[in-house]
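The values are calculated or read from the model by the stated rules, or taken from the named source; none is laboratory data. These figures come from a predicted structure and were not determined experimentally. Methodologically, a virtual Cβ is constructed for each residue, glycine included, from the backbone with ideal geometry; neighbour enumeration extends over all protein chains shown. The area values use the complete protein model at the heavy-atom level, side chains included, leaving out ligands, DNA and RNA. Shrake-Rupley method; radii C 1.70, N 1.55, O 1.52, S 1.80 Å.
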There are 2 protein chains.
Amino acid sequence: MSRIAGPKGLRTAAAIRRAGLKLIYRHGFGAMSLRDLASEVGIQASSLYNHIRTKQDLLFDLIREHMEALLAQTDAALAAAPDTATDRLRTFVRHHIVYHLEKKQDVFIANFELRSLDAPHYATIVAMRRAYEGKLMAVLDAGVATGEFDIHDTRITAYSILAMLTGVCTWYKPEGRLSKAEIVDLHTRMVLHGCIAQREHALP
Amino acid sequence: MSRIAGPKGLRTAAAIRRAGLKLIYRHGFGAMSLRDLASEVGIQASSLYNHIRTKQDLLFDLIREHMEALLAQTDAALAAAPDTATDRLRTFVRHHIVYHLEKKQDVFIANFELRSLDAPHYATIVAMRRAYEGKLMAVLDAGVATGEFDIHDTRITAYSILAMLTGVCTWYKPEGRLSKAEIVDLHTRMVLHGCIAQREHALP
DNA sequence: ACAAAACGAACGGCCGATCGTTTGTAAACC
DNA sequence: GGTTTACAAACGATCGGCCGTTCGTTTTGT
């Protein structure tokens with residue numbers, strides 16, 4: 001039988017992806033040359049083409065795989081969550097922060113290198129992002145329906161929550177003052193205060 | 001006596017900055033060539049050098065001028081605000097959103113092209129951003145001191161608020177469903193709910 | 001042996017930046 | 001008030017260098 005890809009090839013392909021994430025995160029997609037990338041992997045630039053079709057396809061694959069993993073893991077987390085909207089929102093917040101802190105590079109690239117994608121690739125990723133936003137909006141809508149949440153605009157609230165939570169990636173340092181658990185608690189508290197029906201204050 | 005700069009030169013310099021903002025916002029700093037920029041302005045690439053020192057200096061100037069304007073206008077807005085921490089926070093939120101929506105391009109560039117700056121320029125901008133974060137932290141601290149706010153970590157709360165508010169820039173369209181005033185109200189409500197001392201809920 | 005994978009040279013093309021020159025125009029002078 | 005002068009500003013050619021990609025060849029591993 002013939003191999004489809006040798007074991008060495010699979011390791012190289014993985015190394016290219018790892019190095020790609022690192023260099024794109026550090027310098028930007030446009031500023032990363034394939035010669036830099038190959039050098040980081042330890043091969044020649046021309047050898048990259050045994051594993052990728054074009055530079056643009058590499059970027060698209062990195063972002064697509066990130067979005068697929070995010071969607072799948074979010075589904076898994078929500079499937080294991082309790083039934084009340086408040087608990088499901090708690091689960092969403094915790095999962096979003098934990099996942100995003102573990103994959104800072106992927107998240108940054110998926111959010112800010114979209115403009116380097118051509119139109120069809122761009123549309124694909126935007127659709128996946130819409131799907132992710134939809135998962136949070138479904139949680140919020142459910143809470144509004146049961147009266148747990150008091151939300152004036154589900155879509156904008158979802159955008160705001162996601163922006164706030166994803167913003168953690170821009171300042172988090174593993175050796176920093178706060179643990180991941182503390183960061184999760186702090187943001188969970190803030191999100192819930194912003195969503196849960198308030199019985200007294202009339203704001204603003 | 002000799003002129004320092006002719007009127008034609010000032011207009012060209014302004015046109016270069018305007019075109020620079022547009023092209024960097026659209027394609028990224030690394031992907032914007034000086035030939036593209038010159039073409040957008042209507043001159044030859046070499047003529048750019050009558051107005052800028054290097055491509056890098058152009059980026060730095062654009063970001064620095066944006067930050068200086070942001071800091072100055074924020075000071076002005078807060079100086080005209082009432083004394084209570086709640087009202088000052090309201091003022092900060094409104095000003096931040098309105099300013100950021102008016103200068104979407106500047107904001108995007110100042111936030112996501114920092115990595116294209118060399119070390120000294122980068123440090124300068126980061127210091128200005130720290131100063132801006134400090135202004136919000138001062139409002140939050142004042143509210144905590146008077147008992148108006150219940151905040152577990154002023155710095156992280158400030159980061160979260162800023163991430164949430166700045167996130168509006170990524171989806172806002174002038175022709176969209178919501179007016180600027182509605183967006184400001186919605187976010188003001190969310191921020192205040194997250195900060196104002198709650199007398200009932202024990203969360204999370 | 002055979003295919004996967006790495007190699008190294010080469011392609012055309014665009015990059016940021018520099019140079020000496022020309023052009024336009026406002027101020028200085030007669 | 002026309003002429004001269006001085007300089008900002010635009011020009012066009014050009015520099016060395018790096019870009020993404022291709023190709024034919026060689027090495028590697030089973």
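Amide H of B:I196: which non-local residues (sequence gap of 5 or more, or other chain) have their own amide H closer than 5 Å, using H built in the peptide plane?
Under 5 Å from the amide H of B:I196 lie the amide H atoms of B:D150, each far enough along the sequence or on another chain.
With the Cα gyration tensor of segment B:39-122 in hand, convert its eigenvalues to equivalent ellipsoid semi-axes via √(5λ) and list them largest first in whole Å. Mind showing how you got there, number by number?
Working: eigenvalues 225, 36, 24 Å².
Working from the Cα gyration tensor, I get semi-axes of 34, 13, 11 Å.
How many Å² of accessible surface get buried when A and B come together, counting both sides, probe radius 1.4 Å, rounded to the nearest 100?
For chain A against chain B, roughly 3800 Å² becomes buried.
Ignore the peptide's own chain and count Cβ atoms of other chains within 10 Å of each Cβ in A:23-32; give me the average, rounded.
Mean inter-chain Cβ contacts per residue within 10 Å come to 3.
Within the accessible area of the protein assembly as shown, what % is carbon and sulfur when the probe is 1.4 Å and the other protein chains stay in place?
Roughly 52 percent of what the probe reaches on the protein assembly as shown is carbon or sulfur.
Please tell me which of these pairs span more than 31 angstrom C-alpha to C-alpha: A:K180/B:K173; A:K104/A:K135; A:K180/B:K135; A:K135/A:K173; A:K55/B:K135; A:K22/A:K135?
A:K180/B:K173; A:K55/B:K135
Taking the label point 7 Å from Cα in the Cβ direction, how far apart in nm is A:T54 from each other copy of itself, listed shortest first?
Counterpart label points of A:T54 in the remaining copies fall at 3.2 nm.
Taking a probe of 1.4 Å, how large is the accessible area per residue of the protein assembly as shown, in Å²? Before the final figure, lay out the partial values.
On the way: 20050 Å² over 408 residues.
Per residue, the protein assembly as shown has an accessible area of 49 Å².
Any idea what the dipole of segment A:40-148 comes to, in debye rounded to 20, about its Cα centre with Lys/Arg Cβ at +1 and Asp/Glu Cβ at -1?
Result for segment A:40-148 is approximately 160 debye, rounded to the nearest 20.
Taking chain A as a Gaussian network, Cα atoms linked when under 10 Å apart, which of A:I109, A:I151, A:I63 shows the biggest mean-square fluctuation?
Most flexible of the set in this elastic network: A:I151.
The protein assembly as shown: Rg/Rh from Cα coordinates, Kirkwood Rh?
1.00
Could you run the Debye sum over the Cα atoms of segment A:134-204, one equal point scatterer each and no solvent, and tell me log10 of I(q)/I(0) at q = 0.20 Å⁻¹, two decimals?
Summing over Cα pairs of segment A:134-204 leads to -0.90.
Which residue, A:G194, A:W171, A:Y159, has the largest displacement toward the positive end of the dipole of chain A when charges sit on each Cβ (Lys, Arg +1; Asp, Glu -1)?
A:W171
Just to be sure I understand: if I project the alpha-carbon convex hull of segment A:55-195 onto a plane and average over all orientations, what area do I get in nm²?
Averaged projected area of segment A:55-195's Cα convex hull equals 8.8 nm².
Please give the helix A:7-27 orientation as an angle from the longest Cα principal axis of chain A, in degrees from 0 to 90, rounded to the nearest 10.
The angle comes out near 60 degrees.
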